[in-house]
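Below: the structure, in structure tokens.
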Amino acid sequence: MGVALKSEIIQVRKEQPEIDIRGLSKVYQTKNNRFEALKDVSLHVNNEEFVSILGPSGCGKSTILRILAGLEEASSGNVRVAGHEVTGPSAERGMVFQSYTLFPWLTVRENIEFGLKLKGLKAKERKEISDKYLELVGLERFANSYGKELSGGMKQRVAIARSMANSPDVLLMDEPFGALDAQTKQSMQHLLLDIWKKEKTTIVFITHDIDESLFLSQRIYVMDARPGRISEEIDADLGLFKDGELVDVDRFMKMKKHIISLLKH
Amino acid sequence: MKKNKWNKLLAIREDIPKKWYLLGILFTFIFLFIIWNALSFMKLVDEVFLPTPVEVVISFILSMVDSAYWGEIGISVYRVFMGFLLACLVGIPLGILAGTFKFAESLIIPVSEFIRYMPAAAFIPLIMVWVGIGEPAKILVIFIGCFFQLVLIVADDTNRISKDLLSASYTLGANRFQVITRVIIPAMLPKLMATMRLIMGWAWTYLVVAELVAADSGLGYSIMKAQRFLDTESIFVGIIVIGLLGLIIDRCFAMANKKLFPWAEGGN
């Protein structure tokens, strides 16, 4: 993917950011323990932007995503998506998890149609949409298979298709390729970029893999732990990659070194 | 070469050739049968205690051609199913509730944990005072024996559904009610069937307990009656018939599980 394409996609930018988090804190309070998972986190994601949140384990990056999804409540701060305060989970904020969350009793197609069925779409409309997303993730041949017949990478492709079929405002991805082997991971990254280009979705991507974040995203928020906070915002939309190949090795290495030093200290 | 073979057969939790597995099964059955033959035919044990296989087989055939014996089987099967179904009807919804809502758990689980340690058989005198010695008494014993175990296991089955699965359905637009009906219940069905299969075994145990203590019909009663006349063959037949019925029902459950849930991981 070249610079031109990335900028093309963000041409149509709304006035306010799609995701706007201000002064977000999350404290877990037990009887004699107070754990500050997130401290004063502020970040924004523009419409149709691909942003990664990168950090060591335990830095609270997944907590940000779960709060965005409405699965957890913020202790304080302001979280707005598409102009609305987040008060609970909704189909407008699709999420893909690291663990496989296919409904094993449903076929691949039925999984993809799950959200559409909840919305009350008719069978014919559902089929049209599921056909489209089956093709998008390249699983047409497995439409009638159950989860147990699929590999890990295929399961995550279904999870992506299932979220996308709902046409959410934003797609939240919590280390979705963390459990995959290196090769599958790479092909999934390419697939995700293709989907992002085609569908123009706003994506927030959680990872602890520096290469992954540099490859996929336009911007990266680097986080630090204890308490979880954002240590730096990095512009990654610099044409490091072209057509999925690394072209600017020097710059890439420099940025990687810089991020490593951020994570180390 | 030979050492290698034994090494393979004794590998921890590794598969062995099917032939060897079947051989193992066959060996135990034949071994037990030989011991039985030896003890009974060589009169090592008094025949009042241990009849010969031949006598048991004759007694078995006589029972099978006796329509009255089928009546006993019928009434026992009826009691087992009534007690079992009643326990399922009440216990499964309560178990699902307890596994879904913490507040329901607090209402249901501790009290069930407490009561399940009270032996169901000890309730029999009380049940006789409450409902007499009619059919309700036997059904109630089976119900008490099964119900509390069932609630606890179903609650646990429900609780084990991955939280990520629930989170995923919320982000796909499901509300709480839909999460229960469209995710929690379908997700736990195979486990539920396995649990029902287990509880069915318990139902048979409590049936016999109930019939041994207070009944004038059924397989347990016929075992009891046989004991009074030192008719050991009939005791054997009663036990074997109950075992066979249990086996048939168990196989039905296993087959249903495979048919109904082709998507479930692992075998049944």
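Read-outs: derived from the displayed coordinates by stated rules, not from any lab. Nothing here was measured: the structure is a model prediction, and the numbers come from that model. Counting neighbours? That spans all protein chains shown, and the Cβs are built from the backbone with ideal geometry, glycine included.
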Self-check item: Table column - 3J(HN,Hα) (Hz), the range A:77-84, Karplus curve with 6.51, -1.76, 1.60, x for Gly and Pro
Solution: x, 10, 10, 10, 10, 6, x, 10
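Given charges of +1 on the Cβ of Lys and Arg and -1 on the Cβ of Asp and Glu, with all other atoms neutral, how large is the dipole of the range B:56-260 about its Cα centre, in debye to the nearest 20? Working shown, then result.
Values: 15 positive and 13 negative charges, 156 e Å.
It works out to roughly 740 debye.
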Quiz item: Which longest uninterrupted range of chain B lacks any trypsin sites (Lys or Arg not before Pro) assigned by DSSP to a loop state (not H, G, I, E or B) and surrounded by at most 14 other Cβ atoms within 10 Å?
Solution: B:44-159
Quiz item: When the Kirkwood hydrodynamic radius is evaluated over all pairs of different C-alpha atoms of chain B, what value in angstrom, to one decimal, is obtained?
Solution: 21.9 Å
Quiz item: Under a straight-distance cross-link criterion of Cα-Cα below 18 Å, which lysines are reachable from A:K124, leaving out those fewer than 8 residues away in the same chain?
Solution: A:K132
Exercise. State the Cα centre-to-centre distance between the range B:21-39 and the range A:162-223 in whole Å.
Key: 61 Å
Quiz item: Once every DSSP H run of n ≥ 4 in chain A is given -39500 (n - 2.57) and the sum is divided by its residues, what mean residue ellipticity at 222 nm do you get, rounded to the nearest 500 deg cm²/dmol?
Solution: -10500 deg cm²/dmol
Quiz item: Taking neighbour Cβ counts within 10 Å as the exposure measure, how do B:C88, A:C59, B:C146 sort from fewest upward?
Solution: B:C88, A:C59, B:C146
Quiz item: Nearest-5 percent of antiparallel DSSP beta bridges in the protein assembly as shown?
Solution: 55 percent
Quiz item: Just in the range B:186-268: which GluC sites (Glu not before Pro) are loop by DSSP and have at most 16 other Cβ atoms within 10 Å?
Solution: B:E265
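What ranking do B:V56, B:V65, A:V41 get, fewest neighbouring Cβ atoms within 10 angstrom at the top?
With the sparsest Cβ surroundings first, the list reads B:V65, B:V56, A:V41.
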Quiz item: Which one of B:L230, B:A264, B:C88 has its Cα pushed farthest toward the positive end of the charge dipole of chain B, where Lys and Arg give +1 and Asp and Glu give -1 at the Cβ?
Solution: B:A264
Self-check item: the range A:119-210: C-alpha gyration tensor shape, a/c 1.5 cut-off, then a/b vs b/c
Solution: oblate
Exercise. Would you give the gap between the C-alpha center of the range B:229-268 and the C-alpha center of the range B:141-185, rounded to a whole Å?
Key: 27 Å
Quiz item: Structure shown: which of B:K8/B:K163; A:K127/A:K148; A:K61/A:K257 lie over 30 Å apart, alpha-carbon to alpha-carbon?
Solution: B:K8/B:K163
Quiz item: Is the range A:43-185 rounded, prolate or oblate when judged by the Cα gyration tensor, a ≥ b ≥ c being the square roots of its eigenvalues, rounded requiring a/c under 1.5 and prolate requiring a/b larger than b/c?
Solution: oblate
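What shape does the protein assembly as shown take by its C-alpha gyration tensor, where a ≥ b ≥ c are the square roots of the eigenvalues and a/c under 1.5 counts as rounded, a/b above b/c as prolate, and the rest as oblate?
Verdict is prolate for the protein assembly as shown.
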Self-check item: Rounded Å value of the spacing that divides the Cα centres of the range A:15-84 and the range B:197-213
Solution: 55 Å
Quiz item: According to a simple spin-label model (label point 7 Å from Cα along Cα-to-Cβ), what is the distance in nm between A:S145 and B:F81?
Solution: 4.1 nm
